[in-house]
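Here is the structure we will look at.
The values are calculated or read from the model by the stated rules, or taken from the named source; none is laboratory data. Quick caveat, the model's predicted, so the values are computed rather than measured. Heads up, the Cβs are rebuilt from the backbone with ideal geometry, glycines too, and the neighbour counts pull from every protein chain shown.
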Protein chains: 2
Amino acid sequence: MQTPWEYRFAHRAQSMKSSVIRELLKLTEQPDIISFAGGLPAPEVFPLKEFEEACERVLTLHGATALQYGATDGYLPLREMIARHTERYKLSATPANILITSGSQQALDFIGRLFINRGDRILVESPTYLGALQAWNAYGAQYVAVPVDEHGMIVEELEKALRAGPKFIYVLPNFQNPYGATLSLERRQMLVKLADQYGVPIVEDDPYGQLRYSGEHLPSVAYLDAQYRENGDHEYTGNVIYLSTFSKLLAPGLRLAWVVAPPNVIQKMVMAKQAADLHTSSFNQMAAYEVGKGGFIDEHVKAIRSVYKERRDVMLEMMDEFFPEEMRWTKPEGGMFLWGMMPEGADAAKVLESAIQRKVAFVPGTAFHPDGGGANTMRLNFSYSSPELIREGIARLGATLKEALVKNG
Amino acid sequence: MQTPWEYRFAHRAQSMKSSVIRELLKLTEQPDIISFAGGLPAPEVFPLKEFEEACERVLTLHGATALQYGATDGYLPLREMIARHTERYKLSATPANILITSGSQQALDFIGRLFINRGDRILVESPTYLGALQAWNAYGAQYVAVPVDEHGMIVEELEKALRAGPKFIYVLPNFQNPYGATLSLERRQMLVKLADQYGVPIVEDDPYGQLRYSGEHLPSVAYLDAQYRENGDHEYTGNVIYLSTFSKLLAPGLRLAWVVAPPNVIQKMVMAKQAADLHTSSFNQMAAYEVGKGGFIDEHVKAIRSVYKERRDVMLEMMDEFFPEEMRWTKPEGGMFLWGMMPEGADAAKVLESAIQRKVAFVPGTAFHPDGGGANTMRLNFSYSSPELIREGIARLGATLKEALVKNG
């Protein structure tokens, strides 16, 4: 008799769903569609030559060690390099503060493993990063949502949400995916203070921090936390778990990211990683170290910034020219995404259907809202398409929107 | 105030422990210790030249695509290559049956995610693979243990254990880690039949299947299951989830393994993987495909077999010569480990202390027993050390054992 697998699955698996976005992306992957739906970095900016040379060097320098099992916490020289990088952004950290993960998605999963009991509330921005919701839904998380505006999470609403007793606060302070907002310095300081006052830890997700195209760099929430609690030691022992990644600095296909956190949190994460996948590829970690050790990444990030800045500027210009008057959108100072808002009552999912007919695509905003809502909103990616395609795609989308909003009005 | 992280951790994290073996390995990593404690493949057999050439080819053929985000289920040509490999071992499979994971440890974790509710019983061999216990403890698994002998799981004891209502059966049929036993054909057939009769799925973990040094290849449990249920279709839809890995065929540092399972199980696992780490490194998958596509792995496995066969033979010869009469041990037909049994009442943990003084190490057997016991047993690895070191190490261990067992007697 055929095995009825559906009756064998655990509770958590019965509620597992494929990401709405991943399913949608399949629709938009027809080659003639200009897609602003995905979240891919531009492959033109991947440092192919440097990576190829790094591969050779790794095999020459380390031979078989590069292909052998490695330490669960990560390749030490890479963790030291990250600690130096972190120090340059003023946050003191030692390798004991750092874990290498197989992409930031894995770090989000480990945070779920470590902290979330079924029914625990997580304080998130609304809208927020979909991958985090997906990781934490598997652990039975519930959410308390705090809305965002152009300066990020509205901290005036934070205090009420903190009184719901969340397990931790999840915040993307820089060029937030999906909204594109940056948390102001004042709000960062208020966030650190309130989190300390209520005794609630902060998870700071910062994949895009270095991809700033205008405005001034702002200190990380982790640094402000260290400063607030006068954590002047070399080792960070504060209230923040900070995540970042090589996916946007080098290339996402290597699956390399890192966590900076107090050593006792890192130790627990190492145990989670032992059970989850033993360790991240030795070869990939060594290659990333070889690419980065001489300071190449700083130079390379400048090149990425100039490519993405042009794309953002072109998209914003074209939106000004082609989008109907009733539309509002964010003007991100960095990152890869901006957020479009149609008038209340408009339906982005329906607009997407017409848009696909015109061969252009975006992601409707509902999926990013843990508390529902946002039916009139959309996320647009500006990092992946060339300026020419952005011009053409925004013109098409503008025409679609004008038609839809006339109907709607 | 300092964040009291220990009060923030979820139930599952409070019980997380570092692997006993990993902790022990740190002790045995002093350079002058001959360690039979680890589970490493011999780095001498890693195909460095072929891998280096493959890296170059991947970057030439695929350029930036090798460094971009990839599909969650894995690189299609690699999945097709695995399907062909599986067919050669008579089990019909299509890419819809195959998921690429970041090492088999990740597959074990996903099986826990998909199937284990807190308190669910898993039927395991005793002793069994420690990494599986570690992965499933995180999901609150309990165990029903079936003892093994030289022909693997004692199926006469299986039926009683099946009446405990286990969620699934976990079996390592070939050269089991840690015991070294191989499940006989007759027992494989009985296992398939009983699992079907009781409606309980089987997880077949087969990292070493191709590393056979003597005796005849036996068909996989998955194949016998397909045959039993006359699953003659091209696609496998049976009762077995089969795991294997490139860690022992190519190199573990790449973190590449695969699952063969019915398509509806694979689909759920893909959802688990989306939340866990999005996908396995695109570059590594392409490189493994480039190394393997022309049939190189078959040739390479012959070379690995001849290296490991010699080491196994040397270890067994030396044990005959140097171990005290009261010792018993398994004589594995393949794989990387054998199992030593001192008389009842002897304490392997204590013997290890004396062994380390003589600069030789092994793993005491208790950790491999989900139901306790095995204090008089030990696991010895024969794949990592050179024949010279094996000679010297077994002589030292023999002296240690003779001394300990005299004391003990």
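Flag: residue A:23 matches the condition of being on the phi < 0 side of the Ramachandran plot, free of Cβ contacts under 8 Å to residues at least 60 places away in the same chain and under 21 Å from the mean Cα position of the chain (by Cα). Return yes when residue B:273 is among the charged types (D, E, K, R), within 18 Å of residue A:103 (Cβ to Cβ) and at pLDDT 95 or above and no when it is not. Criteria met by residue B:273. For segment A:91-112, the criterion of being under 16 Å from residue A:258 (Cβ atoms), β-branched (Val, Ile, Thr), surrounded by fewer than 24 Cβ atoms within 10 Å (Cβ to Cβ) and modelled with pLDDT of 95 or more is met by at least one residue. The single condition among (1) surrounded by fewer than 24 Cβ atoms within 10 Å (Cβ to Cβ); (2) β-branched (Val, Ile, Thr); (3) in a loop (DSSP other than H, G, I, E, B) that residue B:270 does not satisfy is (3). The conditions of being within 9 Å of chain A (Cβ to nearest Cβ), within 18 Å of residue B:111 (Cβ to Cβ) and buried (at least 24 other Cβ atoms within 10 Å of the Cβ) are met by residue B:276. Just checking, how many residues over segment B:235-250 are closer than 23 Å to residue B:281 by Cβ and either in a helix (DSSP H, G or I) or touching a Ser or Thr at 6+ places or on another chain (Cβ under 9 Å) (or both)? Number of matching residues: 6. Annotation note: of A:311, A:305, the sole residue that is touching a helix residue (DSSP H, G or I) at 6+ places or on another chain (Cβ under 8 Å) and assigned by TED's automatic domain parsing to the domain that holds residue A:389 is A:311.
Looking only at segment B:251-265, which residues are in a loop (DSSP other than H, G, I, E, B) and within 22 Å of residue A:273 (Cβ to Cβ)?
Of segment B:251-265, the ones in a loop (DSSP other than H, G, I, E, B) are B:251, B:255-256, B:261-262.
The answer is B:251, B:255, B:256.
Of all residues in segment B:205-231, those that are farther than 19 Å from residue B:335 by Cβ and buried (at least 23 other Cβ atoms within 10 Å of the Cβ) have Cβ atoms under 8 Å from Cβ atoms of residues that are among the acidic types (Asp, Glu) and at pLDDT 95 or above, 6 or more apart or on another chain, in B:225/B:196. Taking residue A:92 as the residue in question, decide whether it is in contact (Cβ under 8 Å) with a residue 40 or more places away in the chain, under 28 Å from residue A:224 (Cα atoms), more than 9 Å from every other protein chain (Cβ to nearest Cβ) and among the small types (Gly, Ala, Ser). Criteria met by residue A:92.
Search segment B:5-37 for residues being of a type in the set (S, T, N, Q) and at the interface with chain A (Cβ under 9 Å from one of its Cβ atoms), and hand back the single one that is nearest to residue B:308 (Cα to Cα). Steps first, answer last, please.
Start the filter on segment B:5-37 by keeping residues that are of a type in the set (S, T, N, Q), which leaves B:14-15, B:18-19, B:28, B:30, B:35.
This time we only want the ones that are at the interface with chain A (Cβ under 9 Å from one of its Cβ atoms), so: B:18-19.
Working: B:18: 29, B:19: 26 Å.
Selected residue: B:19.
Return a yes/no flag: does segment B:286-295 have any residue that is among the basic types (Lys, Arg) and part of a loop (DSSP other than H, G, I, E, B).
As a first pass, look at segment B:286-295 and keep what is among the basic types (Lys, Arg): B:293.
Within this subset, residues satisfying the condition of being part of a loop (DSSP other than H, G, I, E, B) are B:293.
So far as segment B:286-295 goes, yes, one or more of its residues are among the basic types (Lys, Arg) and part of a loop (DSSP other than H, G, I, E, B).
Applying the set (1) assigned to a helix (DSSP H, G or I); (2) exposed (fewer than 15 other Cβ atoms within 10 Å of the Cβ); (3) charged (D, E, K, R); (4) modelled with pLDDT under 95 to residue B:17 leaves exactly one unmet item: (1). Of the strands (runs of 3 or more DSSP E) lying entirely inside segment A:79-195, those containing at least 1 residues that are more than 25 Å from residue B:12 (Cα to Cα) span A:121-126, A:142-149. Of the residues screened, residue A:288 is one that is touching a residue at least 24 places away in the same chain (Cβ under 8 Å) and either buried (at least 19 other Cβ atoms within 10 Å of the Cβ) or aromatic (Phe, Trp, Tyr) (or both). Of the residues B:117, B:177, B:137, the single one that is closer than 14 Å to residue B:330 by Cβ, outside the structural domain of residue B:372 (by TED's automatic domain parsing) and not aromatic (Phe, Trp, Tyr) is B:177. Of the candidates A:353, A:310, A:299, the single residue that is at pLDDT 95 or above and either surrounded by fewer than 17 Cβ atoms within 10 Å (Cβ to Cβ) or more than 14 Å from chain B (Cβ to nearest Cβ) (or both) is A:310.
The set of residues in segment B:95-117 being more than 9 Å from chain A (Cβ to nearest Cβ) and at positive phi is empty. Can you work out which of the residues in segment B:249-264 that are surrounded by fewer than 24 Cβ atoms within 10 Å (Cβ to Cβ) and touching a residue at least 40 places away in the same chain (Cβ under 8 Å) is nearest to the other protein chains (Cβ to nearest Cβ)? Per the criteria, the residue is B:262.
Going through A:317, A:299, A:325 one at a time, which residue ends up being part of a loop (DSSP other than H, G, I, E, B), of a type outside the set (Gly, Ala, Ser), without any contact (Cβ under 8 Å) to a residue 24 or more places away in the chain and farther than 30 Å from residue B:111 by Cα?
Working: A:317 fails: part of a loop (DSSP other than H, G, I, E, B); A:299 fails: part of a loop (DSSP other than H, G, I, E, B).
On inspection, the qualifying residue turns out to be A:325.
Can you report the number of residues in segment B:38-73 which are in a helix (DSSP H, G or I), surrounded by 20 or more Cβ atoms within 10 Å (Cβ to Cβ), within 8 Å of chain A (Cβ to nearest Cβ) and small (Gly, Ala, Ser)? Of the residues in segment B:38-73, 1 are in a helix (DSSP H, G or I), surrounded by 20 or more Cβ atoms within 10 Å (Cβ to Cβ), within 8 Å of chain A (Cβ to nearest Cβ) and small (Gly, Ala, Ser).
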